[in-house]
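Here is the structure we will look at.
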Amino acid sequence: MTRAWILPILLVLCGAAVATGLAFGGKPGSAAALLLVFVLLAGVHSPLVFPRSISALEAQRRSAVDGRPVVYWRSGCKYCLRLRVRLGRSARQLHWVDIWRDPAGAEAVRAANEGNETVPTVFVAGRPHVNPDPAWVREQLLPSA
């Protein structure tokens, strides 16, 4: 199991424990609602919310061919989640690299951020942009006129 799944699993386990206590306390409706909230939080913080990650080398290769930005991210990062949600369907057009799954991706982020793994780091035309505005990232997907 990778560390990307630790937070979602902990959220589900904690939700199940609290919901069990509420259910045995005679509040099954509250238990079900609370468990649903914990499961939704786990889903939002899981890698499932993001498009399928590829390796940094593959993302760089694809970006060189199609000119699309490369997004380096990690699960549990609220700024990565913000970028993903605000991009909506446009997010599928980007190349996503999970730095917790790809050491080369983590190294690229550290090289761009003075040794820190600050994400999201978006590479556009080979230049890094740390935690850029989602509207700006969407603009980078538009064909230049």
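The numbers here are math on the coordinates, done by the rules we state, and not lab data. These numbers were taken from a predicted model, which means no experiment stands behind them. FYI the Cβ positions are ideal-geometry reconstructions off the backbone, even for glycines, and counts take in every protein chain you see.
Some observations on this one:
- With respect to the chain, whose longest principal axis is taken over its alpha-carbon atoms, helix 78-87 is tilted by about 70°.
- Environment charge of R127, counting only residues whose C-beta is closer than 15 Å and scoring Lys/Arg +1, Asp/Glu -1: 0
- Between the stretch 50-126 and the stretch 1-24, the Cα center-to-center distance that results, in Å: 28
- Neighbourhood net charge (15 Å Cβ-Cβ; Lys/Arg +1, Asp/Glu -1) for I54: +3
- Gaussian network model of the chain, springs between alpha carbon atoms under 10 Å - residue of S63, S30, S53 with greatest fluctuation: S30
- Spacing of the modelled spin labels on K27 and D133, each 7 Å from Cα toward Cβ, amounts to 4.3 nm.
- Two-decimal ratio, the chain, of alpha-carbon radius of gyration to 2.2 N^0.38 Å: 1.24
- Around the Cα centre of the stretch 50-140, unit charges on the Cβ atoms of Lys, Arg, Asp and Glu (plus for the first two, minus for the last two) sum to a dipole of about 400 debye.
- Cysteine residues of the chain whose Cβ has no partner cysteine Cβ closer than 4.7 Å: C14.
- The C-alpha atoms of the chain define a longest principal axis, and helix 6-24 lies at about 20 degrees to it.
- Positive end of the dipole of the stretch 50-140 (Cβ unit charges, origin at the Cα centre): among P103, G126, V71, the Cα lying farthest that way belongs to V71.
- Take the Cα of L10, step 7 Å toward its Cβ, do the same at R62, and the gap between the two points is 3.0 nm.
- Cα-based shape type of the stretch 85-136, given that a ≥ b ≥ c are square roots of the gyration tensor eigenvalues and the cut on a/c is 1.5: prolate
- Rounded to 5, percent antiparallel among DSSP beta bridges of the stretch 37-145: 65
- Rounded, prolate or oblate (a/c below 1.5 giving rounded, otherwise prolate when a/b exceeds b/c) for the stretch 3-48 by Cα gyration tensor: oblate
- Rounded to the nearest 10 degrees, the inclination of helix 56-66 to the longest alpha-carbon principal axis of the chain is 50 degrees.
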